[in-house]
Amino acid sequence: MPSILTETISPVTTALTTLAKAKEELGITDTASDALITKLIDRASSVIASYCDRVFGYAVLTELFRYAPITGFARANWRTLRLSRWPLVSLTSVTDGDGLVSPTLYESETGPTYSFVHRILNSERSFWTQPPFTVVYTAGWKLPNDTSPDLPNDVEEVCLSMVRSAWYRRQGDPSVQIDLVEGVGRTTYFQRSLSGMDLDDGQMDILRPYVNQPI
């Protein structure tokens, strides 16, 4: 379902953890490395958002859906409007080709990886039949640097883990798994990028519930 998404109020930040939490994780109390740690947080947050194919931050949005006339089986696609951001926090308004749709004629459904708006007629879900459709809504989580943050803890923990890995990689090489000195030397490495900003299998498993899944 093609749509045009406009941010009326954009996320205040994209960082998935705070400088204070990262410094506590690293045991750092001075401010000498604040700029570097902030950079690492931003890079880790970007990798996570890219892997999950989503924007995590809280935003107010206007989404316009346009439909060409269709018939037959393809008409089933008209049963729901799938919003581009989730989770849905609040639904402000829905308009169609006839104007403002009464709130009694639609209902919303949301979760970590989806937000739907369903048409309701005679107390049952029905078809959206008068395009175009415009939905004004608020979606996303308040991130750790926002007031009253509600980002799931496991997402923030993955970000902190990535920052920690990248930080200690600068101090030495925690990717070394085996280092034999006797005879012919041999060093075996964990599969990590030079930046320490890749996601390992465990981290991807944690993030999987938040990955955007095509429908």
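Where a number appears in this text, it was derived from the coordinates with a stated rule and is not lab data. What you see is a predicted model; the values in this text were computed from it and never measured. Don't worry about glycine lacking a Cβ; one is built from the backbone with ideal geometry, like all the others, and counts go over all protein chains shown.
Numerical summary
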quantity	calculated
DSSP-loop chymotrypsin sites (Phe, Trp or Tyr not before Pro) across the range 95-174, with at most 16 other Cβ within 10 angstrom	Phe127
Length released on extending from Glu109 to Thr92, taking residue separation times 0.36 nm less the Cα-Cα span	4.7 nm
Under-5 Å amide H pairs with Phe56, H placed in peptide plane, nonlocal only	none
Estimated dipole of the range 59-139 in Debye, rounded to 20 [Cβ of Lys and Arg +1, of Asp and Glu -1, Cα centre]	220
Cα-projected label distance for Asp42 with Ser84, points at 7 Å along beta-carbon direction, nm	2.4
Whole-Hz couplings from phi, Karplus 6.51/-1.76/1.60, listed for the range 25-30; x for Gly and Pro	4, 8, x, 9, 10, 8
Karplus-derived 3J(HN,Hα), 6.51/-1.76/1.60, for each residue of the range 158-171, Hz, glycine and proline x	5, 4, 4, 4, 5, 5, 4, 4, 5, 5, 6, 5, 6, 8
